[in-house]
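Okay, structure first, notes after.
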């Protein structure tokens, strides 16, 4: 049986106002995995987390640093399985206008 092909995608998000959490995706986007990378020109850190993310509660992503997030469970590897919804993940920034590039993988059939 042939292995399914994961479809990649990507986008950029900039934080307009430091100290204000911003959704990674404004619409539901369910993925198997994603990588968040600080834009190389950032002047400060990015913080990744839930809707209340800030510098005290977020995972720190330094400029040019990347952070992978993936599902490593059996329920993920079939159409309609467990997914990460990028609209439930947020970023904040130490400085306004800093941001991230997000690369993600979609499962075929979802």
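Things worth noting here:
- None of 64, 17 is modelled with pLDDT of 95 or more and either in contact with a helix residue (DSSP H, G or I) (Cβ under 7 Å, 6 or more places away or on another chain) or part of a loop (DSSP other than H, G, I, E, B) (or both) except 17.
- Flag not set for residue 40, criterion: under 21 Å from residue 10 (Cβ atoms), touching a strand residue (DSSP E or B) at 6+ places or on another chain (Cβ under 6 Å) and surrounded by fewer than 16 Cβ atoms within 10 Å (Cβ to Cβ).
- The stretch 90-110, residues that are modelled with pLDDT under 95, outside any strand (DSSP E or B) and touching a strand residue (DSSP E or B) at 6+ places or on another chain (Cβ under 9 Å): 107, 108, 110
- Residues that are in contact with a helix residue (DSSP H, G or I) (Cβ under 8 Å, 6 or more places away or on another chain), modelled with pLDDT under 95 and part of a loop (DSSP other than H, G, I, E, B) within the stretch 30-56 comprise just one, 32.
- Failed item in (1) in a loop (DSSP other than H, G, I, E, B); (2) modelled with pLDDT of 90 or more, with residue 78 passing the rest: (2)
- Taking every residue in the stretch 62-73 that is in contact (Cβ under 8 Å) with a residue 12 or more places away in the chain and pairing it with any residue that is in a loop (DSSP other than H, G, I, E, B), at least 6 positions away or on another chain, the pairs with Cβ-Cβ distances below 7 Å are 62/45; 63/40; 63/42; 64/40; 70/32; 71/32; 71/82.
The values are calculated or read from the model by the stated rules, or taken from the named source; none is laboratory data. Remember, it's a predicted structure, so these values are computed and weren't measured experimentally. We place every Cβ from the backbone using ideal geometry, glycine too, and count neighbours over all the protein chains shown.
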